[in-house]
Structures are given as C-alpha cells and as structure tokens.
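S.K.: I have a structure here, written as structure tokens, and I will follow up with some questions on it.
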Amino acid sequence: MHDAHPNTLAVHAGQQPDPATGAVAPPIHLATTFRHGPAGERLAGYEYQREGNPTNDRLREALTALEGGATALTFASGMAAMTTLLESLPAGSRVLFPDDCYSGLRMLFTEFLPERGLHVETVDMGDLDAVRAACATPVSLLWIETPSNPLLKISDIAALAILGHAAGAMVVVDNTFATPLLQRPLALGADIVMHSTTKYFGGHSDVLGGALVFARDDAFARKVAHRLHVTGAVLAPFSAWLTLRGCRSLGARMAMHCANARKLAEFLAAHPAVERVNWPGLPSHPGHAVAAKQMREFGAMLSVELRGGREAALAVAGRLRIFTNATSLGGCESLVEHRASVEGAHPRSPQDLLRISVGLEDARDLVADFAQALG
Ligand SMILES: *Cc1c(COP(=O)(O)O)cnc(C)c1O
C-alpha cells in the first residue's frame, strides 16, 4: 500500500475496515481510558487518550503514508504542532525562519521563543546566498514555508536541505499550502513536515488540527512525542475522525482547487486594475521554475495586488459576492481577505494586497465575481 500513488493513499491509508465489525467507514473511539492488566499491561496498546487512541492512530498512519515519512504526530492545532516542536529544542539553539511566513509562526518566534532561550533570525529563504551566509555559523533548525503566506514566495526545498544539513540543522517544511498531493518535502531532503490540517486536510472549514511527519522515528521524534503526551495539546478523536474523512477526498479536491486557481490567476493577471498576481503557476512568478521542479501542481492560494492601493483592495473585497471575507483557507468555499486589516497594529502585508483561497465553485462564477468586483 505504501508504494501506491498519492490519490490511492489518500483514500486508503489508515482507512481499513474496522476489524471488529467490518464497518467500511472508520469508527470513532471516544474513550478516554482503556482497560489494562493488573500490572498495567496495555492489552490492545492503549492506556489513556492523551497518550494515544485508535482514531488518532489511523490519521497518523494516513499522514505518514501520504508524506512518505516514518512516523507522525497529530496535535490540537497547527500552532500546537509548531510550538511543541520548537519548544523541544534546547535553550541556546539558533533557529532560522523565513521572512514571509504564517503570522502565528511570526508571533511565536518574536514573542515567545526568545523567552525560552532560542536565538531566532529571519532570512529570505528564496535567496540561497543569503541562506548560505546565515549558515556560516551552526544552525539547530531551519524552517521553510513554501509557497509562503501571504506573498506566495517559493523556496527551493532540496537546495535549502543541503545548506541546512551542512550547518548541522534539522530542516522543517510547513507544507500546509501545498499538501502532500502537490509537494513531498521529505523526498526532497527535509527532516520534518508540519501541517495545519485545519486547512486542506479537513477541507470543510469545520475542524482544527495540526500534524508533524518525521522522516525518521529517531530520538528527536520520540522527544517531541513525549513532550506532546505530557504537555497535552493533543487532537480530539472526533477531530481526528473528521480529518481522516477529509483525507479521502483530498486528491479530488486538490485537483479542482488547483484548476480553479489557474483560471482565476490567469484572468486576474490580464486585468488592467491588477498590479500583480502572486501565484507560482504563472510563468512571470519569480519562483515559477523552482515550483515547477518541486510541486506537481501550483496550489490554490494566491494573492493579488491592486493598482488602486488600499482603497481599491477594500472596495473589491466589499463587492465580491461569492468570495466570503474571512480568514483561513483550504475549504470548499472561496475566501478573500485584506490581510493588512487583520494583522493588528503592525501589519506586514502590503496594503494593496488581497489573499485568496480558491474554493470548489465553478471557476466561471469565480471569474465573473472578480470581474464585477473589479469593475
Ligand atoms: C493556518 C496555518 C497555520 C496554523 O495552523 P492552525 O491550525 O490555525 O493552528 C500554520 N501554517 C500555515 C501555513 C497556516 O495556513
């Protein structure tokens, strides 16, 4: 099974019929505690829900197979996955983060990680010379997010893995935007893949979750697992079950998400009111060649910068009818967001930028909606 194609893995990995009943859809085990022997013998491998449960183990199996890893852990959210991983590093560790990244990660490494004794630096991961210079002194962990949020910057995972490893670093990739259906970082040399399964894996904007997939089931993977089980930011079984259900349609959804994104990106790129479309599938995108090398398709997240600046961006966001103004991404419904308005007192996103999560509606309706909103 593990050498099957990604669409087959998405449907079948971790989804085998229930051995007790033959039920084709996986059961949800809500038990918090499991009967053990008089001397604490684990009769079926389980003891207490925080330390593992059968529904979560199915999702872990699915994620491991999809990313081609050795083992996986699931968490209450993507942020819980990041935090548990990064707080497993010893104090004094030097960590390189990308300059364009998910805003929660930025808050984590500016507000929280320095207090834990981590030395944090940011670098443009698309600039290999800059990364090489930053790697002249030892690095504990190098964090990659590609495509990145919200500028859709592309970083070369294979090249960065070589640079990171030469500096002694573990290389971690946030693969949330791409999913393993489009990009498999472990095969490109990364050590750990991180996901917010809240997005495409869940796929219906109704379940929060996070995951780490490890290339090796080594001492560090076990250290992170132990930290998760003790500190307790675990995924609830019902959330694991919903995410597992999302896996079954992930291949089909990603194909349609990507096809819709291409049509919308091409329409927007040709529109006179649009200054720039950030989508790696466009040949004009600076990361297009690297994206074409490491991704099967280019994803369904894009951002658009408008000629009329902030005013135009807000006006367009206000006139869209099918696109809902909301944060997050990866659901069936298309979303739009003026990122600068929701980034607090010190927004980093350009004021003229709208971020778009292209959903599963008919692409003709999505294009028509932008056509009327752009005027
Ligand atoms: C949403 C998101 C996260 C955080 O995940 P949560 O599940 O919201 O905690 C991390 N990285 C990326 C790229 C995301 O889009």
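The values are calculated or read from the model by the stated rules, or taken from the named source; none is laboratory data. The structure displayed is predicted, hence computed values, not measured ones. Don't worry about glycine lacking a Cβ; one is built from the backbone with ideal geometry, like all the others, and counts go over all protein chains shown. To get the accessible areas, we keep the full protein, side chains included, count just its heavy atoms, and leave off ligands, DNA and RNA. Shrake-Rupley method; radii C 1.70, N 1.55, O 1.52, S 1.80 Å.
S.K.: Identify, from the list Leu374, Leu353, the residue that is open to solvent by less than 10 Å² (accessible area, probe 1.4 Å) and out of contact with any Leu (no Cβ under 6 Å at 6 or more places or on another chain).
M.R.: Just one listed residue meets the conditions, Leu353.
S.K.: For the range 231-247, state whether one or more residues are more than 16 Å from the ligand (Cβ to nearest atom), farther than 20 Å from Leu89 by Cβ, part of a loop (DSSP other than H, G, I, E, B) and not hydrophobic (A, V, I, L, M, F, W, C).
M.R.: Taking every residue of the range 231-247 in turn, none turns out to be more than 16 Å from the ligand (Cβ to nearest atom), farther than 20 Å from Leu89 by Cβ, part of a loop (DSSP other than H, G, I, E, B) and not hydrophobic (A, V, I, L, M, F, W, C).
S.K.: Mind counting the residues in the range 228-243 that are of a type in the set (Ser, Thr, Tyr) and open to solvent by less than 20 Å² (accessible area, probe 1.4 Å)?
M.R.: Number satisfying all stated conditions: 1.
S.K.: Which of the residues belonging to the range 302-334 are in contact with a Gly (Cβ under 9 Å, 6 or more places away or on another chain), buried (at least 21 other Cβ atoms within 10 Å of the Cβ) and outside any loop (DSSP other than H, G, I, E, B)?
M.R.: Leu302, Val316
S.K.: Right, next: Hey, could you check the range 32-83 for residues that are among the β-branched types (Val, Ile, Thr) and assigned to a helix (DSSP H, G or I) and say which is farthest from His12 (Cα to Cα)?
M.R.: Taking the candidates together, the pick is Thr83.
S.K.: Looking at Gly92 and the list (1) at pLDDT below 95; (2) open to solvent by 10 Å² or more (accessible area, probe 1.4 Å), which single condition is not satisfied?
M.R.: Status for Gly92: all satisfied but (1).
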